[in-house]
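First the structure, in the form of structure tokens, and then the observations on it.
The values are calculated or read from the model by the stated rules, or taken from the named source; none is laboratory data. Computed from a prediction, not measured in an experiment: that's the story for all the values here. So basically every Cβ, Gly included, is an ideal-geometry build from the backbone, and we count neighbours across all protein chains shown.
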Amino acid sequence: MQQIGQPYQLLSMPWRRAKQEVKMGRIDGYFTAIPNDDMQGYAQLSAPLFLENWYWFWHQRHAGPHSQTKIRYGAILGSHQADWFNAKDYKPELEVGDIAQLVQLLAIGRIDVIVADLDDFNHAVQRLKLPPQQYRQAFLRYVPLGVYFSMARLQQRPGFMQHFNAGVHLCAPAPFALPETEQQHIVALLLANLLDLSRNPQLRSAVLQQNERAASLASVMQADAQWQHQVQHNGAAGSMAQQLLNSAVSAVLRSWQANYADTVTEVILMDNQGANVAISDITTDYWQGDEMQFLGVFAQQHDYFIDVVEYDQSTQGFQVKLSVPLTDDNGHHIGALSIGVDVERALSQD
């Protein structure tokens, strides 16, 4: 609010009351908030302040969330998880005041299954000095937490939400990195086949040919500016992006991507400067040389690189980039190959 010069007042109240106050027009917004169908028509959700990583948790003596017998759920009273349970018609058996109480109820068998943020659950187990091996877990979903602003207020302030979303990253904590277990899940699912693709002779030949042109960085940046302008203002038809998309090498990338349905969202092949050589879909930029999908693997010791989680406000989806270096016959780095991975779809696959 300070960044965009907006005076504000903060009030403390329960989530349920805050939602009702927004609907009644008595306050302008509330946070933190998860996407909620009940707020449709009353308020609009901002870009995320941060992400929560929701898992199912249960005691090892229970069959878990997919049990065929009746499941006793537990939740924190008034929490996002309680709202989610109610939206899914899962009636919590008990609703308590905090995560520590939930974990203790799991331990003594008063409830069977809970949903909690991964870090919150692990911290509670450590604080209570309980053996973590007695609990089982399974990924459920990522949840963006933002601010719900009243539609009535947004109509009075055209452009406010755009300015707020542009500045909200200044208030957010550090970028959300996947926990090691989730990284390894994605690696096990995709890395071997991605490395096979990186050894495709057609891809190597295309990268070497583009490298041989030895374009200056200035010319690459000029091409990048032209690419972005065409994509943003003229549409894809007839653009540099469309021409590259129609190439034979881009067709190879699309064919490979088709094996992964919606799990792989894009494939980008880059030269030794990070410029596009082939693409499976239209990209907003031609030059990726300043992004971690290139910098994380090119001329680095890593065999692969997984970037932080990105949130797409328009699709409300979560993506990470998995990248590998492209090498010549002598093992020298000549470029990079990167894929976008729908995290939730990937983590839901065994």
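Among residues that are of a type outside the set (Gly, Ala, Ser), within 29 Å of Val343 (Cβ to Cβ) and in the same structural domain as Trp256 (by TED's automatic domain parsing), Arg199 is included.
List the pairs whose first member sits in the stretch 296-312 and is touching a residue at least 60 places away in the same chain (Cβ under 8 Å), whose second member is of a type outside the set (Gly, Ala, Ser) and in a loop (DSSP other than H, G, I, E, B), and whose Cβ atoms are under 6 Å apart, counting only residues at least 6 apart or on separate chains? Final answer for the pair search is Val308/Pro175; Val308/Phe176; Val309/Phe176; Tyr311/Pro48. Residues considered: Trp56, Trp15. Of these, the only one that is within 28 Å of Asp312 (Cβ to Cβ), in contact with a strand residue (DSSP E or B) (Cβ under 9 Å, 6 or more places away or on another chain), of a type outside the set (Ser, Thr, Tyr) and at pLDDT below 85 is Trp15. If you filter the stretch 18-53 down to residues that are among the acidic types (Asp, Glu) and modelled with pLDDT under 90, you find that the one that is farthest from Ala87 (Cα to Cα) is Glu52. Anything in the stretch 51-62 that is in a strand (DSSP E or B) and not acidic (Asp, Glu)? List them, or say none. Within the stretch 51-62, Leu51, Asn53, Trp54, Tyr55, Trp56, Phe57, Trp58, His59 meet the criteria.
In the stretch 218-259, the residue that is modelled with the lowest pLDDT out of those that are aliphatic (A, V, I, L, M) and within 12 Å of Ala275 (Cβ to Cβ) is Met240.
Scanning the stretch 207-217 for residues that are out of contact with any Leu (no Cβ under 7 Å at 6 or more places or on another chain) and either modelled with pLDDT of 95 or more or not in a helix (DSSP H, G or I) (or both) gives Leu208, Gln209, Gln210, Asn211, Glu212, Arg213, Ala214, Ala215, Ser216.
Hey, does the stretch 218-240 have a residue that's closer than 23 Å to Phe318 by Cα, assigned to a loop (DSSP other than H, G, I, E, B) and not hydroxyl-bearing (Ser, Thr, Tyr)? Scanning the stretch 218-240 turns up no residue that is closer than 23 Å to Phe318 by Cα, assigned to a loop (DSSP other than H, G, I, E, B) and not hydroxyl-bearing (Ser, Thr, Tyr). Among the residues making up the stretch 19-50, those that are assigned to a helix (DSSP H, G or I) and surrounded by fewer than 19 Cβ atoms within 10 Å (Cβ to Cβ) are Gln20, Glu21, Lys23, Asp37, Asp38.
Restricting to the stretch 112-138, count the residues that are of a type in the set (A, V, I, L, M, F, W, C) and over 29 Å from Ala18 (Cα atoms). Adding up the residues that qualify gives 4. Within the stretch 72-90, if we keep just the residues that are in contact (Cβ under 8 Å) with a residue 24 or more places away in the chain and part of a loop (DSSP other than H, G, I, E, B), the residue that is surrounded by the fewest Cβ atoms within 10 Å (Cβ to Cβ) turns out to be Gly78.
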